[in-house]
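Notes follow once the structure below has been shown.
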Amino acid sequence: MVQRRRYLTPAGHDELQAELDHLKAVRRPDVAGRIHEATETGGTADNAEYDEVKNEQAFIEGRIQDLEDILANAVIAEKDENASDSVQFGSAVTVTSKGSKKRVYHLVGSAEANPLEGKISNESPVGRALLDHKVGDQVEVTTPAGVTTLKITKIA
């Protein structure tokens, strides 16, 4: 299977590494201990606590595997300070849309994207549309909700 490169900001890499370290050092041993307790107190048959902890273990192991894959294929892409007049990976971009809605987007890799925190992937429709544009540019973005025009008001 061909591994896909994962672009991360330095901060995003550090966050994912910290999550991986926490899962391995804290959560994995905790769940193992809880599995042991559940088997000691009620066996494994018809034991709801055992089933719940085993499901949690499966989730943790899956997340560890995902994080290890992301970090193994990570490309740390730092913002190019010489190109600060245009939107690039790692930029914080302030845009306005129809109705004067003002939003700040941080362009990050897909592995660290979190739209609720304003972190959008450089591969998303909005992220792709904003890349390489400058303050004052208006860009049209086709999203699932329709076509939107965004005006870039600030790049940091």
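Some notes on this structure:
- When the square roots of the Cα gyration tensor eigenvalues are ordered a ≥ b ≥ c, the ratio a/c for region 6-76 is 1.5 or more and a/b exceeds b/c, which makes its shape prolate.
- Ellipticity estimate at 222 nm from DSSP helix runs (n ≥ 4, -39,500 (n - 2.57)) divided over the chain, nearest 500: -12500 deg cm²/dmol
- Coarse-grained scattering of the chain at q = 0.20, 0.21 Å⁻¹, given as base-10 log I(q)/I(0) from a Debye sum over alpha-carbon atoms: -1.15, -1.22
- Count Lys and Arg as plus one, Asp and Glu as minus one, and take only other residues whose Cβ is under 13 Å from that of Leu16; the net charge is then -4.
- When you restrict to C-alpha pairs under 8 Å that are six or more residues apart and normalise by the size of the chain, the relative contact order lands at 23 percent.
- Note on region 1-58 and region 112-156: Cα centroid distance 34 Å, given to the nearest whole angstrom.
- Shape class of region 66-156 from the Cα gyration tensor (axes a ≥ b ≥ c, square roots of the eigenvalues): oblate, since a/c reaches 1.5 or more and a/b does not exceed b/c.
Here, each number is a calculation from the coordinates, and none is a lab measurement. Computed from a predicted structure; not experimentally measured. Counting neighbours? That spans all protein chains shown, and the Cβs are built from the backbone with ideal geometry, glycine included.
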